[in-house]
Amino acid sequence: TGHRGALSTYLLRKLDNLPRLERPQRTMLATWLLELYLDAAYQEELKIPPGELSTPTSRAAVEELKDFMMDQKDDLDDGTTLNLLAGYGRIEELVYYATARAMYDVACMHMIQEGNAKRAIAVLRHPDVSPDLWYKFGPDLF
């Protein structure tokens, strides 16, 4: 969370110093870091007392995860990132990432699966969304 472990710090510095042309290495490091951020969020959520939804440290860990994904979205592989987020059960962050990457179909599909039609419609109202997605998801929403 607020403090990084030695491995995370090292990997972040390594990633920062790699030229953009070193795409495979950047993707590998970003994916490794994503796993570390996901694990940190999971570990913080294990510390949430029964009856509470979150703690300041668990919220901070999730925010750090989101910030990292946005900072490194060009280095992360979309398929791998979505699979990791889904594997950790981080559907909220999956939708966040998918929306940021203009993968509106993925975001809508997960919102519909969660039974959240209002949020799916909000995603579909984004100005960049193709009208085809309204036709694709319309029957599930109405």
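Values in this text are rule-based calculations from the coordinates and carry no lab data. Since we're looking at a predicted model, the values are computed, not measured. All Cβ positions, even for glycine, are placed from backbone atoms using ideal geometry, and neighbour counts span all protein chains on display.
Based on the mean of other Cβ atoms within 10 Å per residue, sort peptides 102-111, 69-78 so the most packed one is first.
102-111, 69-78
Can you give me the angle between helix 23-46 and the longest principal axis of the chain, using Cα atoms only, in degrees from 0 to 90, rounded to the nearest 10?
80
Asn116 to Ala60: extension gain in nm, 0.36 nm per residue of separation minus the Cα-Cα distance?
Contour length minus Cα-Cα distance gives 17.7 nm.
Using only alpha carbon positions, build the gyration tensor of segment 1-120, then give the equivalent ellipsoid semi-axes as the square roots of 5 times its eigenvalues, largest first, whole angstrom.
25, 21, 10
Return one number: the angle in degrees, 0 to 90 and rounded to the nearest 10, between the long axis of the Cα atoms of helix 78-87 and the longest principal axis of the Cα atoms of the chain.
Taking the Cα atoms of the chain, the angle to 78-87 is about 90 degrees.
With unit charges on the beta carbons (Lys and Arg positive, Asp and Glu negative) and the dipole taken about the Cα centre of the chain, which residue among Tyr42, Phe137, Leu29 sits farthest to the positive side?
Sorting the options by dipole projection puts first Leu29.
Would you kindly state how much longer the chain becomes between Ala86 and Leu46 on full extension, computed as 0.36 nm times their sequence separation minus their alpha carbon distance, in nm to one decimal?
12.6 nm
Just how large is the dipole of the chain about the Cα centre, in debye to the nearest 20, putting +1 at every Lys and Arg Cβ and -1 at every Asp and Glu Cβ?
160
Report, in whole Å, the centroid distance computed from the Cα atoms of segment 106-130 and segment 1-77.
If we compute the Cα centre of each part, the gap is 26 Å.
Name the most mobile residue of Leu124, Leu84, Leu18, meaning the one with the largest mean-square fluctuation, in a Gaussian network model of the chain with Cα contacts below 10 Å.
Looking only at Leu124, Leu84, Leu18, the biggest GNM fluctuation is shown by Leu18.
Hey, got the dipole for segment 1-85? About the Cα centre, +1 on K and R Cβ, -1 on D and E Cβ, debye to the nearest 20?
Its charge dipole is roughly 240 debye.
Using only the alpha-carbon atoms, how far is helix 104-113 inclined from the longest principal axis of the chain? Give it as 0 to 90 degrees, nearest 10.
Rounded to the nearest ten degrees, it is 80.
Of the trypsin sites (Lys or Arg not before Pro) in segment 15-47, which ones lie in a loop per DSSP and count no more than 15 other C-beta atoms within 10 Å?
Arg20, Lys47
For Glu114, what is the net charge nearby, where nearby means another residue's Cβ is under 14 Å from its Cβ and Lys, Arg count +1, Asp, Glu -1?
0
Diagonalise the Cα gyration tensor of segment 61-142 and give the resulting equivalent ellipsoid semi-axes, square root of 5 times each eigenvalue, largest first, whole Å.
23, 14, 11
Can you check what the net charge comes to around Gly87, using other residues whose Cβ is under 13 Å from the Cβ of Gly87 (Lys, Arg +1; Asp, Glu -1)?
For residues surrounding Gly87, the net value is -2.
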